[in-house]
Amino acid sequence: MAHSTGERLSRTILEAIARMVSSRLRNVAFVDQILVSAGNFLGGILLARAFGVHDYGRFVLAWMLIEFIASLQIAAVIQPMLNIGAKQAEAKLDTYYHAVLIQQWALCLAFAAVVWIAAAVSGRFFANAEGLAASLCAAAIAYQLYNFFRRYLFARDRPMAALAVDVLRFAVQIAATLALPFLWPDASAGAGIWIVTAASAAAALLGALQFGRLRWNSTVLREVTVRHWHFSKWLLPSAVMSWLTSQAFFVLCGIVLGATAVGSLRAAASIVGVLNILLLALDNFAPVQASRALHRGGRVQLLGYIAQLSSSTFALTVIVVGILNLAPGYIVHLLYGDQYAGITDLVRWLCAPYVVGSISTVLVIWAAAMEWTRTVFISYVAAVVFTGVAAYPLTRYGGLVGIVVGALLMEIVRVVALAVPLARWSRAAGHETSETAHSVQLAGPLTNDRAEARPLGHTASP
């Protein structure tokens, strides 16, 4: 019995992986995410070597503002585009995406103004902060446009074009960083920001050339703005709460346990963070495909897609976790040397929150496809409440083990908050399937035209 169960489980995992790798879009999405992750990693190392500790620290702190703006951009523009754009009629696709690009430009200018004001205010308290205003404003615009066009190309099923955009960005960035010590030996943090800005601008220009000529339609722009706001009004505060919950345990670790514990936690998290490549790659194709499944086949087809995506994601996550746990000590020694030998067990423990986090990632894709962003918001509220109540005592009395337990419990809280509405919705989808089968028995077989003619109304939030 156990043998047959094991065979069935192995067959299910292999079938899930086969489905995952059989799609060209998914394969390119994974390659692209590996390129982006490797490029960011290498770019960070080269900038650190070029600047030294002090100026690299200034660069990291300044770039945190750009990354925070990027998280708001995802909530306000990119996530709605991926989920709503996939539901547009073919004849309306161009006018829809043109309206979204106009929104993106408006957001770029608004955030650039905010960055300028923030830099001016910071200059009163921190030396040289005001000197970064121009570079940060340019970065706020260029980096957003780069992010927009690469995601747009994935949304339009042009993954090779998106890959070319990323290749150009990191080729320019890494080449410029390598040349920096020779061309500008006394460069400071501002030079690093200008390098990333120039690379992002070059990549954005390549993406813009593949977008075509921008056309203005005020009626479509109003409609798209209203629908995007309905989608994004819950995601914007969710983006802020996501940042808070992801950083809370690191901050408390530093306050309660000290800098050495933070270094150990960050080093272990960087190793296990290889799982993020898988989860981030899903964002390049899964939201579009999930929304398309809902638009074309209703709840039943979306449920089937989510089930397939869940099995594929879980199977690949388990395989990566298994590899990490085969010889974590060797991996730690290879990357960090003997001084980090004590984090071997921490690498093993941190795999658990990441596995649960992969489940919440798929559930968020489902909720976004349904445009139930309020459900995503509620899951983050639950996570923030749990973190506020439990983070300090777990860190204070449990140490690093307590932090891992807290991170695991926080992810479980989010999964439960998302899974409960999914369970209700899946029961409704099953009821829909039963009713459809009953109708077929009474009325005879449906033709393809009749099956496709079923109206799909706007999905309301629960």
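The values are calculated or read from the model by the stated rules, or taken from the named source; none is laboratory data. Because the structure is predicted, anything quoted here is derived from the model rather than measured. FYI the Cβ positions are ideal-geometry reconstructions off the backbone, even for glycines, and counts take in every protein chain you see.
At least 1 residues being at pLDDT 90 or above and closer than 17 Å to GLY304 by Cα is the threshold, and among the helices (runs of 4 or more DSSP H) wholly inside region 343-462 those reaching it are 344-369, 373-443. For the structure I just gave you, tell me whether ILE255 is assigned by TED's automatic domain parsing to the domain that holds PHE386, surrounded by fewer than 15 Cβ atoms within 10 Å (Cβ to Cβ) and either part of a helix (DSSP H, G or I) or over 22 Å from the mean Cα position of the chain (by Cα) (or both). The answer is yes for ILE255.
Check region 190-202 and report whether any residue there is closer than 26 Å to SER71 by Cβ, part of a loop (DSSP other than H, G, I, E, B) and among the hydrophobic types (A, V, I, L, M, F, W, C). No, every residue in region 190-202 fails to be closer than 26 Å to SER71 by Cβ, part of a loop (DSSP other than H, G, I, E, B) and among the hydrophobic types (A, V, I, L, M, F, W, C). LEU9 falls short on exactly one of the conditions (1) modelled with pLDDT under 70; (2) assigned by TED's automatic domain parsing to the domain that holds ALA139; (3) closer than 20 Å to VAL320 by Cβ, and that condition is (2).
Would it be correct to say that ALA140 is touching a helix residue (DSSP H, G or I) at 6+ places or on another chain (Cβ under 6 Å), touching a residue at least 60 places away in the same chain (Cβ under 8 Å) and farther than 30 Å from LEU282 by Cα?
Working: touching a helix residue (DSSP H, G or I) at 6+ places or on another chain (Cβ under 6 Å): yes; touching a residue at least 60 places away in the same chain (Cβ under 8 Å): yes; farther than 30 Å from LEU282 by Cα: no.
No: the conditions fail for ALA140.
Of all residues in region 320-336, those that are closer than 17 Å to LEU275 by Cβ have Cβ atoms under 7 Å from Cβ atoms of residues that are hydroxyl-bearing (Ser, Thr, Tyr), 6 or more apart or on another chain, in PRO328/THR344; VAL332/TYR340; VAL332/THR344.
Could you list all residues from region 63-121 that are in contact with an Asp or Glu (Cβ under 7 Å, 6 or more places away or on another chain) and exposed (fewer than 14 other Cβ atoms within 10 Å of the Cβ)? Explain how you work it out, then say what you get.
Restricting attention to region 63-121, the residues satisfying the condition of being in contact with an Asp or Glu (Cβ under 7 Å, 6 or more places away or on another chain) are 83, 119-120.
Residue satisfying the conditions is ALA120 alone.
Evaluating GLN88 against the criteria (1) assigned to a helix (DSSP H, G or I); (2) more than 24 Å from PRO185 (Cβ to Cβ) leaves one unmet condition, (1).
Checking each residue in region 167-178 for being buried (at least 18 other Cβ atoms within 10 Å of the Cβ) and under 10 Å from LEU206 (Cβ atoms) picks out LEU168, ARG169.
Of the set (1) crowded, with 20+ Cβ neighbours inside 10 Å; (2) modelled with pLDDT of 80 or more, all apply to LEU132 but (2).
Take the conditions in contact (Cβ under 8 Å) with a residue 40 or more places away in the chain, of a type in the set (A, V, I, L, M) and surrounded by fewer than 20 Cβ atoms within 10 Å (Cβ to Cβ) and apply them to LEU42. Does it pass? Even if it seems obvious, please write down each step before you answer.
Values: in contact (Cβ under 8 Å) with a residue 40 or more places away in the chain: yes; of a type in the set (A, V, I, L, M): yes; surrounded by fewer than 20 Cβ atoms within 10 Å (Cβ to Cβ): yes.
When the stated conditions are applied, LEU42 passes them.
So which residues in region 213-229 are in contact (Cβ under 8 Å) with a residue 60 or more places away in the chain and not in a helix (DSSP H, G or I)? Scanning region 213-229 gives LEU214, ARG215, TRP216, ASN217.
In the list ALA383, ALA341, ALA327, ALA391, which residue meets the criterion of being within 30 Å of ALA293 (Cβ to Cβ), out of contact with any His (no Cβ under 6 Å at 6 or more places or on another chain) and not hydroxyl-bearing (Ser, Thr, Tyr)?
Details: ALA341 fails: within 30 Å of ALA293 (Cβ to Cβ); ALA327 fails: within 30 Å of ALA293 (Cβ to Cβ); ALA391 fails: within 30 Å of ALA293 (Cβ to Cβ).
The conditions single out ALA383.
Can you spot a residue in region 281-296 that is in contact with a Gly (Cβ under 7 Å, 6 or more places away or on another chain) and in a helix (DSSP H, G or I)?
Step one: of region 281-296, the residues in contact with a Gly (Cβ under 7 Å, 6 or more places away or on another chain) are none.
No, that holds for no residue.
Restrict the check to region 153-170 and report whether at least one residue is out of contact with any Cys (no Cβ under 6 Å at 6 or more places or on another chain), of a type in the set (Lys, Arg), modelled with pLDDT under 95 and within 30 Å of THR95 (Cα to Cα).
Going residue by residue through region 153-170, those that are out of contact with any Cys (no Cβ under 6 Å at 6 or more places or on another chain) are 153-170.
From what is left, the residues that are of a type in the set (Lys, Arg) are 156, 158, 169.
Checking which are modelled with pLDDT under 95 leaves us with 156, 158.
Pick out the ones that are also within 30 Å of THR95 (Cα to Cα) and you get 156, 158.
Yes: region 153-170 contains one or more residues that are out of contact with any Cys (no Cβ under 6 Å at 6 or more places or on another chain), of a type in the set (Lys, Arg), modelled with pLDDT under 95 and within 30 Å of THR95 (Cα to Cα).
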